[in-house]
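Q: Questions regarding the structure given below will be posed in turn.
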Amino acid sequence: MIIVMGHAKLEAGEIDRLGAEMEAQIKATRAEDGCLAYSFSRDVLDPDTLIITERWRDNAAIAAHFASPHMAAFNAVLAKAKLLEVSVKAYENGQERVLMGR
């Protein structure tokens with residue numbers, strides 16, 4: 001399993017402006033083979049920071065995701081966004097350990 005975590009800091013109002021595009025990206029990505037989880041959320045202390053959380057079956061699934069038409073469309077939207085900072089990193093994890101809940 002590959003875990004992807006990241007954040008994107010945008011100018012005030014940009015997350016709200018991009019809501020429909022983010023929703024479309026999430027829905028399309030969650031339907032991809034190999035996508036175990038995919039979500040965007042806002043930082044509670046900084047509502048202009050988007051938190052990116054993903055889980056993938058393997059690197060092939062991530063590669064297919066980056067090659068998908070909806071990813072290309074979303075990247076085009078992001079290229080026009082007022083993006084101040086972005087950092088997204090992948091972590092390979094061979095084991096899962098529950099820290100809270102099930």
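Q: Would you mind listing the strands (runs of 3 or more DSSP E) fully within the chain where at least 2 residues are modelled with pLDDT under 95 and open to solvent by 40 Å² or more (accessible area, probe 1.4 Å)?
A: Qualifying strands (runs of 3 or more DSSP E): 2-10, 83-92.
Q: So Leu18 passes all but one of these: (1) of a type in the set (A, V, I, L, M, F, W, C); (2) under 14 Å from the mean Cα position of the chain (by Cα); (3) within 20 Å of Tyr91 (Cα to Cα). Which condition number does it fail?
A: The number of the failed condition is (3).
Q: Return the pairs, sorted by first residue and then second, in which the second residue is open to solvent by 20 Å² or more (accessible area, probe 1.4 Å) and of a type in the set (Val, Ile, Thr), the first residue lies in the range 1-24 and is over 20 Å from Ala37 (Cα atoms), the beta carbons are less than 8 Å apart, and the residues are 6+ apart or on different chains.
A: Lys9/Val86; Leu18/Val77
The values are calculated or read from the model by the stated rules, or taken from the named source; none is laboratory data. Not measured: the values here are computed from a predicted model. Quick reminder, even Gly has a Cβ in these numbers, built from the backbone with ideal geometry, and neighbours come from all protein chains shown. For accessibility, only protein heavy atoms count, side chains too; no ligands or nucleic acids. Shrake-Rupley method; radii C 1.70, N 1.55, O 1.52, S 1.80 Å.
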